[in-house]
C-alpha cells in the first residue's frame with residue numbers, strides 16, 4: 001500500500017510541458033493527501049505487528065510525521081502563490097522566469113527535511129531505527145520486508161521528484177529536453193537526501209518534537225508570509 | 001449518477017451514523033457516529049451543488065463549512081473526553097450518571 | 001532453473017547474521033566487521049544465522065530458543081567460542097581463536113543451496129495466557145475487557161502517572177539479554193507508559209567485562225607488561241563503547257568505522273582517532289545527546305572509578321603516580337558535568353591520550369604490580385545504587401543511551417543479581 | 001451505465017459497507033480506519049461530481065483526523081487491538097429502530113420530490129470559482145469560520161490541560177468553603193470512582 005502511495009505521489013509530477021500522468025488541477029492537495037495516508041499506512045504497519053517495539057516505532061513516527069506534514073503543506077502553498085493555481089504543471093510553468101528555490105530560499109531545505117521524515121531515513125528514522133530493534137519492520141521478513149524497503153525508496157524518489165518540480169523548475173532547462181532535466185534534478189536531490197541520511201545524528205523524539213513545533217513551524221509561517229508578500 | 005441515488009447513499013450514511021451514535025457506549029465510538037452523519041450531510045450538499053445548483057459557488061462554500069464543523073466537533077469532543085477521563089477515570093457513557101438523578 | 005539462479009545470487013549476498021552477544025564475544029564481531037560481507041541485522045526475523053558469540057549462561061537458554069524460533073527458514077545457529085554443548089557437529093561450531101567469517105559464509109551457502117536442513121522449532125507455540133472470556137461472544141471475564149455487563153469497565157492503572165496526571169494503561173515487559181546495542185546479558189523488567197519508562201528492575205545482571213580487555217591488566221599483576229599494550233587495550237575498550245553510542249544515535253557508518261579502527265589498534269597498527277572524532281562532532285553526536293541526561297552525583301562517580309569518575313571532574317588516576325608515566329608527561333584528562341555527554345567525551349579524550357602514550361613509548365616495560373586500578377577489573381564489590389533508578393521518566397531511546405554510557409564493569413556493579 | 005456510474009456505485013457500496021462495519025468490529029483502531037475508508041470513498045464520489053478540491057480535501061483532512069482518532073482510541077479505550085471480542089452496546093434495539101426509521105423517511109422523501117436537474121457544466125473550473133467565492137462576496141463567512149476554529153483550539157487546550165487557574169483539573173469541582181479555608185459548603189457529592197454502581 002505504501003508503494004502504491006509513493007507511486008501516486010510520483011504520478012502528479014509533470015514530466016514535460018505536455019505530458020503529465022495525472023493532470024489534476026489540485027495537485028498540491030493530492031500530495032497532501034498522499035502524505036497523510038503515508039502516515040496512516042506506516043502506523044498500521046507498526047501497529048499490526050502486535051509487538052511492543054513495533055508499536056513504539058509506529059507511535060514515534062506519527063508523533064513526528066503530523067507536524068512535519070503541516071510544514072510541507074505551508075511550503076507547497078507558498079510555492080503555489082506565484083503560480084496562482086494548485087496544479088503542478090502551472091507551478092512549473094510559473095518558474096520559467098525564476099526558479100522557486102531562488103525566490104523562496106527556505107522552501108527547499110524544509111521540504112527535504114520532510115522527505116527524510118516521510119521515508120524515515122537518517123536523522124528522522126523514528127519508525128524503523130535500530131534502538132527499537134527494527135521498529136515497525138521488526139516482525140517482518142522475506143517478501144513483505146522486501147516490498148517495505150522498496151516502498152521506502154520509492155517514497156524517497158517521489159519526494160525528490162516533487163521537490164525538483166516545485167522548487168527547481170521541474171522540466172525547465174536550456175539545452176536538454178524536458179524529462180532529462182527532471183531526471184537530472186531528481187537525481188541530484190536524491191544524492192543530497194542520501195548524504196543527509198548518513199551525516200546527521202538523530203535526537204530523541206521529545207526534543208525533536210519541541211524543535212519542530214517551536215522553531216520549524218514558525219519558520220514555515222514566515223516563509224509563507226514572505227512568499228505572499230513577494231507574490232502580491 | 002442521478003441525484004436520488006446520491007441522496008439515498010447519503011441517507012444510508014446518516015442512518016448508520018445515528019445507529020452508531022445511539023448504540024455505542026464509549027465516547028470515542030459515539031463521536032465516530034457523529035462524524036459519519038456529518039459525512040452523509042456533506043455528500044448530500046455536494047450532490048445538490050453539482051446536480052441541481054449548477055455549480056453555484058456558494059454550494060462549495062457550504063461543503064467547506066460542513067468540513068469546518070466536523071473539525072470543530074471532533075476537537076471539542078476529544079477535549080471533553082480528556083477532561084472527563086482526567087477527573088473521573090471514566091470513558092464509558094454508563095458511568096456519567098450525575099445528570100440522571 | 002530460475003530458482004537455482006536466484007539461489008546462487010542469494011548465496012553471494014552478504015550473510016544476514018543476528019548476533020547473540022555472549023560473554024567476551026566482541027573479538028568475533030571485530031573479525032566479522034573487518035571482513036565486510038557479514039550483514040548484522042537488528043532483529044532475528046531479518047537473519048538466517050543466529051551467531052552465539054562467546055559463552056552464554058545456562059539461564060539464557062530459553063531466550064536463545066525464543067530467538068531461534070523467530071528466525072525465518074532456512075536457518076541455522078552458529079556457536080562461536082567454547083560452546084558448552086559439544087554435541088553440535090563441526091559445521092556449526094568454531095573455536096574462539098580463529099576467524100568465524102569463512103565457516104559462516106560456507107554455512108550460509110549450504111543453507112541457501114538447500115544441502116543443509118533448516119532447524120526445526122524448539123518451542124511449541126500455543127499462547128502463553130489461557131483465554132478467560134465469559135460473555136456469550138467470548139468476551140468479558142475478570143481482568144479481560146469486554147463491555148458493560150461482562151468485563152472490567154475501566155482500565156485501572158496500578159501506578160499513578162508521572163507526567164501529566166492522565167493515568168493511562170501501563171505495560172510491563174521484560175527486555176531481553178540479546179538485543180542489539182543492549183548491554184550483553186542484562187535483563188530488565190520494565191514498566192512502560194507509551195515509550196516512557198515508569199519503573200524498571202534488574203532480572204539478570206549483565207555479563208562481566210570482556211576478558212580480552214582485562215588480559216594485559218591481569219598479566220601486569222604477576223609479571224612485566226609493555227606499556228603500549230596496556231594503553232592499546234584501554235583505547236580499544238573505549239572505542240567499542242563509543243561505537244555503540246554512535247549506532248544508537250543513528251550513525252551506523254561512523255560506528256562501523258569506530259569498530260574497524262578499534263580492530264586495527266588491537267592489531268598494533270598506528271591509527272589516528274582525530275578524523276573519526278571530527279566526523280562524529282560534525283554529525284552532531286554531542287548535540288544529539290541531551291545535556292544533563294543520565295547525570296550521576298559525585299560520590300557515586302567516585303565509587304565507580306575509572307572513566308566515569310574522571311568524567312565527573314575528579315583528577316584521580318593511578319597512572320599519575322607511576323614514574324614511567326610522569327616521564328612521558330601524562331596529565332589525567334577530565335570533564336566537568338558527569339552526564340552521558342561528558343562520559344562519551346571522556347572516552348574520546350582517553351582513547352586519543354592512550355594512543356599518544358602508546359606511540360610515544362613503544363618498548364618501555366612497566367614494573368610488576370604497579371597499576372592496580374584498572375577500572376574494568378571486576379574486583380570491586382557491587383554498590384547499593386541501582387542503574388534502574390536512573391531510568392524512570394526517560395524515553396526509551398534516551399534510556400538506551402544512558403545504559404550504554406557506562407562501561408560494562410560500572411554496569412555490573414550497578415546492576416547486581418537481585419535476590420528476589 | 002458508463003464508467004462514471006460504475007465507479008460511483010462501487011464507491012457508494014464501499015462507503016456504506018465500511019460505515020456499517022465501523023460499528024460492529026471489535027477493535028477500536030480497526031473501526032477508525034474503516035471510517036477513514038468510507039470517508040475516502042465519499043471523497044472520491046465528490047471528485048466524480050466535478051468537485052475535485054472538496055473531494056481530495058476531505059480525504060486529506062479525514063486521514064489526519066482518523067489518525068488522531070486512532071491515537072485517542074488506543075489511549076482511552078480498553079482493548080484497541082481487538083484481541084478480545086467486545087459487545088459494547090446499550091439500548092441496542094432502540095437505536096436500530098431509530099436508524100432504520102430515519103433512513104426510511106429520507107428515502108421516501110427523496111423518491112417523492114422532483115428535483116430540478118441543472119447539472120454543472122464540466123468545463124467549470126470549480127477550484128477557481130471556489131477561490132473567487134472565498135475571497136469574494138462571502139469573505140465574511142470565512143472570517144467567522146476562521147475565528148471559530150481559533151476559539152475551538154483555545155477551548156480544547158483549556159479543557160484538556162491539567163493545570164487550571166484553580167488548581168489541577170483532577171481535583172474535581174469542589175464548592176468554595178463558607179469561611180475562607182474551611183470545609184467546602186453544601187452537600188458532599190458521595191465519592192464514587194468511575195465504577196458507577198448501576199442503581200437505575
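The values are calculated or read from the model by the stated rules, or taken from the named source; none is laboratory data. Not measured: the values here are computed from a predicted model. Cβ sites come from the backbone with ideal geometry, for glycine too, and all protein chains shown count toward neighbours.
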### Residue satisfying all of: in the stretch B:38-54; touching a helix residue (DSSP H, G or I) at 6+ places or on another chain (Cβ under 7 Å) and not in a helix (DSSP H, G or I); modelled with the lowest pLDDT among these
B:53
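To keep it simple, each residue is scored yes or no on (1) more than 14 Å from chain C (Cβ to nearest Cβ); (2) farther than 18 Å from residue A:212 by Cβ; (3) modelled with pLDDT under 75.
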site: A:44; (1), (2), (3): yes, yes, no
site: A:65; (1), (2), (3): yes, no, no
site: A:74; (1), (2), (3): yes, no, no
site: A:81; (1), (2), (3): yes, yes, no
site: A:89; (1), (2), (3): yes, yes, yes
site: A:99; (1), (2), (3): yes, yes, yes
### Task
Report the residue count in the stretch A:203-229 for those that are crowded, with 18+ Cβ neighbours inside 10 Å and either over 18 Å from residue A:111 (Cα atoms) or in contact with a strand residue (DSSP E or B) (Cβ under 8 Å, 6 or more places away or on another chain) (or both).
3
### Task
For residues that are surrounded by 13 or more Cβ atoms within 10 Å (Cβ to Cβ) and more than 10 Å from chain C (Cβ to nearest Cβ), tally how many sit in the stretch A:192-202.
4
### Message
Every residue in the stretch A:28-87 that is under 19 Å from the mean Cα position of the chain (by Cα) and not in a helix (DSSP H, G or I), please.
### Response
A:86, A:87
## Note on the structure
How many residues of the stretch B:1-37 are farther than 19 Å from residue D:47 by Cβ and part of a helix (DSSP H, G or I)? The answer is 25
### Task
Looking only at the stretch B:7-32, count how many residues are more than 7 Å from chain D (Cβ to nearest Cβ) and surrounded by 24 or more Cβ atoms within 10 Å (Cβ to Cβ).
2
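Let's see how each residue does on (1) closer than 29 Å to residue A:48 by Cα; (2) surrounded by fewer than 23 Cβ atoms within 10 Å (Cβ to Cβ):
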residue	(1), (2)
D:2	no, yes
D:7	no, yes
D:14	yes, yes
D:17	yes, yes
D:27	yes, yes
D:30	yes, yes
D:35	yes, no
D:42	yes, no
D:48	no, yes
### Query
Applying the selection to the stretch B:26-50, what residues are within 19 Å of residue D:28 (Cβ to Cβ) and without any contact (Cβ under 8 Å) to a residue 12 or more places away in the chain?
B:29
### Query
Which of (1) at pLDDT 70 or above; (2) within 7 Å of another protein chain (Cβ to nearest Cβ); (3) loosely packed, with under 12 Cβ neighbours inside 10 Å does residue D:117 not meet, given it meets every other one?
(1)
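Every residue, every condition in (1) touching a residue at least 24 places away in the same chain (Cβ under 8 Å); (2) facing chain B (nearest Cβ under 7 Å), yes or no:
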residue: D:11; (1), (2): yes, no
residue: D:15; (1), (2): yes, yes
residue: D:19; (1), (2): no, yes
residue: D:22; (1), (2): no, yes
residue: D:27; (1), (2): yes, no
residue: D:31; (1), (2): yes, yes
residue: D:37; (1), (2): no, no
residue: D:41; (1), (2): yes, no
residue: D:44; (1), (2): yes, no
### Message
Let me confirm something: among A:135, A:122, which residue is within 20 Å of residue C:42 (Cα to Cα), at pLDDT below 80, within 14 Å of chain C (Cβ to nearest Cβ) and within 16 Å of the chain's Cα centre (by Cα)?
### Response
A:122
